[in-house]
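Down below is the structure, laid out as structure tokens.
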Amino acid sequence: MADDFATAWQALDPAARRCLELAHTSLRNGGLACGAVLTDASGAIVAEGRNRAYDPPGGSDPLQGTPLAHAETNALARARTEWDLAAHTLWSSLEPCAMCTAAAEFTGVGTVRYVARDPWAVAGGLPVSPGLPLNSPVWAVSSALLFLRGVYEMRGPDAEVLRAYERRAPEVARLVADPAFERADGAGELFGVLWSRIREAAGAAW
């Protein structure tokens with residue numbers, strides 16, 4: 001992992017980078033920060049989605065405003081029935097939940113990859129679900145941080161998952177209230193501002 005953010009950001013797999021960008025978009029729109037993309041055998045992104053469960057109905061995603069509107073299901077909803085997804089990879093900024101894991105299995109997606117473990121699962125000490133993690137502590141912290149910030153904005157600093165992170169990974173929890181979240185226009189800008197602290201948190205927590 002490069003010391004400077006710009007090099008590390010460009011070296012990150014484009015699919016993972018796009019997932020983080022979509023997760024940040026969800027956060028800026030008042031939702032839970034999770035983004036997902038579907039890539040074909042060549043690695044090209046052919047579909048994408050973000051969490052829209054808290055968006056008002058009537059947008060561009062048919063599931064928008066429903067409890068089914070997770071990032072992964074929104075990405076899969078853009079795949080065509082005739083596509084053979086066996087050679088495709090479903091990427092997510094977070095470890096997919098049971099619903100999204102089942103959706104990937106049902107649609108025949110060949111591989112599932114994610115940037116960070118589900119913060120709820122980490123906080124609860126739950127086992128890892130099927131899939132291939134990116135295995136990068138720095139990006140895992142970055143992705144989890146986006147999600148935790150969403151919980152912070154929706155439920156306040158006393159939310160159970162945030163309290164759990166204060167016990168398990170205080171270096172990560174301390175970043176949740178950073179003013180950079182209010183100023184940054186995109187994921188790249190946010191992570192660039194917090195980069196040194198994210199690296200420190202990754203070294204301490206992961």
Two-site FRET efficiency, ARG174 against ALA11, from Cβ-Cβ distance with R₀ of 30 Å, rounded to 0.05: 0.70
Under Karplus coefficients 6.51, -1.76 and 1.60, residue-wise ³J(HN,Hα) of region 177-183 in Hz, glycine/proline x: 9, 4, x, 4, 4, 7, 9
Label point distance in nm, LEU126-ARG78, each placed 7 Å from Cα along Cα→Cβ: 2.6 nm
Fraction of antiparallel bridges per DSSP, the chain only, in percent to nearest 5: 55 percent
Loop sites in region 30-114: GluC sites (Glu not before Pro), DSSP, at most 16 other Cβ within 10 Å: GLU82
222 nm mean residue ellipticity, helices alone, for the chain (DSSP H n ≥ 4; -39,500 (n - 2.57); rounded to 500): -14000 deg cm²/dmol
Gaussian network model of the chain, springs between alpha carbon atoms under 10 Å - residue of ALA36, ALA104, ALA23 with greatest fluctuation: ALA104
Hydrodynamic radius of region 11-97 per Kirkwood, over alpha carbon pairs, in Å: 12.7 Å
Listed residues ALA11, ALA177, ALA53, most fluctuating in the chain (Gaussian network, C-alpha, under 10 Å): ALA11
Per residue value of the accessible surface for region 1-125 (all protein chains in place, 1.4 Å probe), Å²: 44 Å²
For the chain, built as a Gaussian network whose Cα springs stay under 10 Å, the top-fluctuating residue of ALA102, ALA79, ALA140: ALA102
Hz values of 3J(HN,Hα) by residue in region 116-130 - Karplus curve (6.51, -1.76, 1.60), Gly and Pro given as x: 9, 5, 4, x, 5, 5, 4, 5, x, x, 7, x, 6, 7, x
Zone residues, region 159-176, relative to GLU182, backbone N less than 15 Å from point 7 Å out along Cα-to-Cβ: 176
Per-residue ³J(HN,Hα) for region 75-82, Karplus 6.51 cos²θ - 1.76 cosθ + 1.60, θ = phi - 60°, Hz, x for Gly and Pro: 5, 5, 5, 8, 6, 9, 4, 7
Loop-resident sites, region 5-105, for trypsin sites (Lys or Arg not before Pro), counting at most 12 other Cβ within 10 Å (DSSP): ARG80
Unit charges on C-beta of K, R, D, E only; dipole of region 1-126, Debye: 220 debye
Over 23 Å [Cα-Cα, the chain], rounded percent: 40 percent
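The values are calculated or read from the model by the stated rules, or taken from the named source; none is laboratory data. Every value quoted in this text rests on a predicted model; they were computed, and no experiment measured them. Backbone-built Cβ (ideal geometry, glycine too); neighbour counts: all protein chains shown. These area figures cover heavy atoms from the full protein model, side chains too; ligands, DNA and RNA do not enter into them. Shrake-Rupley method; radii C 1.70, N 1.55, O 1.52, S 1.80 Å.
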